[in-house]
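Novice: Sharing a structure with you now.
The values are calculated or read from the model by the stated rules, or taken from the named source; none is laboratory data. No experiment lies behind these values; they were computed from the predicted model shown. Note that each Cβ is placed from the backbone with ideal geometry, even for glycine, and that neighbours are counted across all protein chains shown.
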């Protein structure tokens, strides 16, 4: 029976930062796959695809069995979901601590693309806020009282409903 994974949870360690990876990158062991489980020197492999979610993590993520467990007559077996891996572990290692297994590595893999996109978005937001600050510092345009209506609301009658429009061009439906 395999024992617990002998590594700390990378997510719990405040000093440990999960390095973002490029699309289609692969590797072995921590922080994205278990190491030394179920036996010492059994390192699991991992690979990511190209799709990322709105939080910047890969949605295409694969875990590969250690070579020690892998059968030699078939291609290296991989799992593309936590559920598939959990089912395999329950069938092959019925007494294993599944929660401890998943606690030993990070299932979520951050994308290096999302970090680049976030930097670009931050720069764009900074430029936009600078532009809007500059626009707000310009004096408001002067109006000619002869051409400005005295009533702040203009009433518009339609056959279906009554609509009033304030000066700032927003419509209010009654």
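Novice: For region 51-81, enumerate the residues that are in a loop (DSSP other than H, G, I, E, B) and modelled with pLDDT of 85 or more.
Specialist: 51, 53, 54, 55, 56, 59, 60, 65, 66, 80, 81, listed by residue number.
Novice: So, in region 29-62, how many residues would count as being touching a residue at least 60 places away in the same chain (Cβ under 8 Å), surrounded by 19 or more Cβ atoms within 10 Å (Cβ to Cβ) and under 17 Å from residue 113 (Cβ atoms)?
Specialist: 3
Novice: Please state which of the following conditions residue 22 fails to meet, knowing it meets all the rest: (1) modelled with pLDDT of 90 or more; (2) surrounded by 13 or more Cβ atoms within 10 Å (Cβ to Cβ).
Specialist: Against the list (1) modelled with pLDDT of 90 or more; (2) surrounded by 13 or more Cβ atoms within 10 Å (Cβ to Cβ), residue 22 comes up short only on (2).
Novice: Would you mention how many residues in region 82-123 are surrounded by 12 or more Cβ atoms within 10 Å (Cβ to Cβ), more than 22 Å from residue 47 (Cα to Cα) and modelled with pLDDT under 90?
Specialist: Of the residues in that region, 3 qualify.
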